[in-house]
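What follows draws every value from the coordinates through simple rules; no lab data is involved. Values in this document were obtained by computation on a predicted structure and should not be read as measured data. Note that each Cβ is placed from the backbone with ideal geometry, even for glycine, and that neighbours are counted across all protein chains shown.
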Amino acid sequence: MTQNQSLHPPTARKQHTETSRHGVVLTDDYAWLRDKQNPEVTAYLEAENAYAEAVMAPLAGLRDELYQEMLSHVKQTDVSVPYRDGAWWYYTRTEEGQQYAIHCRKKGSAAGPANDAAEEVILDGNLLATGQAFFAIGTTDITDDGRWLAYTTDTTGFRQYTLHIKDLVTGETLAGEVERVGSAVWAADNLTLFYTVEDEEQKRQYQLWRHTRGTAHAGDALVYQDDDERFNVGAGRTRDGKFLVLESASHITSEAWVLPAAEPQGSFALISPREDAHEYSIDHRNGLWFIRTNDKGRNFRLVTAPVATPGREHWTELIAHRDDIMLEDVDLFATFFVAGEREDGLPRLRLWQFAGNGREAAPSSEISFPEPAYSAYPHINRIFDTKTFRYSYQSLVTPSSVYEYDLATGASTLLKQLEIPGGFDRTLYASERIHATAPDGVQVPVSLVYRKDKREPGRNPLYVYGYGSYGYSLPLGFSSNRLSLLDRGVVMAYAHIRGGGDLGEPWHDAGKMLVKRNTFTDFIAAIEHLTAAQYGDPARVAIEGGSAGGLLMGAVVNLRPDLFRAVLSHVPFVDVMNTMLDASLPLTVPEYEEWGNPNEEAYFRYMLSYSPYDNLKAASYPSMLVKTSLNDSQVMYWEPAKYVAKLRTLKTDDHPLLLVTNMQAGHGGASGRYDYLKEIAFDYAFLLRELGIVS
């Protein structure tokens, strides 16, 4: 390996290894990069970082310009919309120059915080992050009396959280911590805390523990353990506060256990035993379980069951399964509930009101949204007995907004819209929603945003983002950072490809396991349609994806390297075969339900047909910026590192190939908001140069 900070890329040494499976020999010259403790690995990653900085050095001025530009669109000192929980109103605020949010509360009534109420700082992320290169707050939960806060923190980016308990009256944090905690929830006695813990090897939340505040954690009681490697456990509480809920779920199967919140020493009772490919979730109201279930179809339905007899034989249907509408979630309140649905790829919020004996419900209204492409979802609604419902709305051109819907009047009141300083004028921008035709004739939705006065049909640089995995619906949110591309004439598109959940679970099913290649061909079809329809210049197409979207980037580049000018790949899942054949790695076994189990020959051969690392070949590739983090727990840093090392030996072009590793972060990159902006400025500078917008 050569450590060179000039404009010559580093060379990773080769060390031949082989793996044989199903009569196929997989060779890997860069498996040695998995050894995180090896100084040679660190030296190679740092050499790649130095090379990337050298290549980008001529763009230092542009990077600073972009950073200042994006910063100018951020209201650095700001406060969120306060929400009520018990006797307090909670909110977060930011201060100019500070990297992290400050979590606060004030005493108040149903009408709002008291005018003379003093601010109480619950957690100051800036103080907690002192001396840390990375910092993140995970879960938080406060006792019913408002005094005790349970919270978790991560200081490495590995998403390995430590549990703390804080007295909000004295400000004291109790002695004793618990490592590797996922969820935490208080019982109704303000004394008993339930929390989940992950195993050390696979980062799987597999145990539920019970702790009595004020006692040593060594005396905590193990309540539940799930030994099925596909499943993760989590703990929560129903919105009415009456029950604790323990859920154990894989990608396709779940089950729930419940315990009265006022009886924390009791035993959890099972709602319905797990059955393969059956998912359900629960909430409680007025002696009934409300159960969202996919037992009658992939898009879910809603049923109820008595608390005493929750089994499937006692389920009564409230909302039937529909082939064209996905029931994504249900927000339950004392006199109404909100059905979060997705129809034709767009979210809907439909309200149902209870009547008669208080157990019958009927649809009453729907919250309408004016734009062709948007995101809408419930905001924070902690009060069970309420006549209002808060929701969030944003689009590709409308900043993040919080509304309050009044059930009596049917009116929505805007509580706060994110202020975008620096001269933002939303009337300059337009969004559209179109469809591309996949090779098998399926219509693939594509959402677009551009600056109207910069549109030149067939000539604009085109940026396309994709993901397409885990049934995740691509959010169409507002980003002030995006203005730096739009204002320079870039047309930006978001492809809602199969494998995602944009058109319900059948859309997900049509892009996973043995039909995963639909995800890749959908994305290619979207780009071909966009350029044919003159939304962008075919010679100036940039694409971006991260994590499983990084798999998408690697797969489509192998299939059609000629189609793209530049590729931005974040924490990419590109070493599919080696990762999925290693059951000791975090996530591998649970992920069999998304990608398939390569120990079975049919899945092995299919996955091998698209695995980006295994399908690299001698060819001309686009310009590529590949980014990772040393402490990534979702996609290990060595996947992109190996991918770049191998690609350097095969590519026949002189286009830039950069590997940038954040040596102090995890899957999401830098944790501080200013540091994160600098990372985006780096990405945008790379794209703007490769798209010919700057020299």
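Worth a mention:
- Candidate set from segment 594-627 (those that are part of a loop (DSSP other than H, G, I, E, B) and polar (S, T, N, Q)); member that is surrounded by the most Cβ atoms within 10 Å (Cβ to Cβ): Ser611
- Here is the figure for segment 17-32: residues that are exposed (fewer than 14 other Cβ atoms within 10 Å of the Cβ) and either in a helix (DSSP H, G or I) or in contact with a strand residue (DSSP E or B) (Cβ under 8 Å, 6 or more places away or on another chain) (or both) total 5.
- Filtered residues of segment 304-319 (kept if over 25 Å from Thr386 (Cβ atoms) and in contact (Cβ under 8 Å) with a residue 24 or more places away in the chain): Pro310, Gly311, Arg312, Trp315
- Candidate set: segment 268-280, residues that are closer than 28 Å to Asp385 by Cβ and assigned to a strand (DSSP E or B); chosen: the one farthest from the chain's Cα centre (by Cα): Ala269
- Hits in segment 548-596 (condition: within 16 Å of Arg498 (Cα to Cα) and small (Gly, Ala, Ser)): Ala548, Gly549, Gly550, Ala555
- For segment 330-357, the set of residues classified as without any contact (Cβ under 8 Å) to a residue 12 or more places away in the chain and under 17 Å from Leu407 (Cα atoms) consists of Ala355 only.
- Residue check, Asp35 closer than 19 Å to Leu616 by Cβ and charged (D, E, K, R): no
- Subset of segment 149-165 (residues that are free of Cβ contacts under 8 Å to residues at least 60 places away in the same chain, assigned to a strand (DSSP E or B) and buried (at least 19 other Cβ atoms within 10 Å of the Cβ)): Leu149, Ala150, Tyr151, Thr152, Thr153, Leu163, His164, Ile165
- Subset of segment 127-148 that is hydroxyl-bearing (Ser, Thr, Tyr) and part of a strand (DSSP E or B) - its residue that is surrounded by the most Cβ atoms within 10 Å (Cβ to Cβ): Thr139
- The requirement of being surrounded by 14 or more Cβ atoms within 10 Å (Cβ to Cβ) and more than 22 Å from the chain's Cα centre (by Cα) is not satisfied by Ser400.
- Restricting the search to strands (runs of 3 or more DSSP E) fully inside segment 281-365 and requiring at least 1 residues that are in contact with a Ser or Thr (Cβ under 6 Å, 6 or more places away or on another chain) gives 288-293, 301-306, 316-319, 346-355.
- Checklist (1) crowded, with 19+ Cβ neighbours inside 10 Å; (2) closer than 30 Å to Ala216 by Cβ applied to Leu174, failing item: (1)
- Among the residues of segment 166-190, those identified as outside any strand (DSSP E or B), touching a residue at least 40 places away in the same chain (Cβ under 8 Å) and not acidic (Asp, Glu) are Leu168, Leu174, Gly176, Ala187, Ala188, Asn190.
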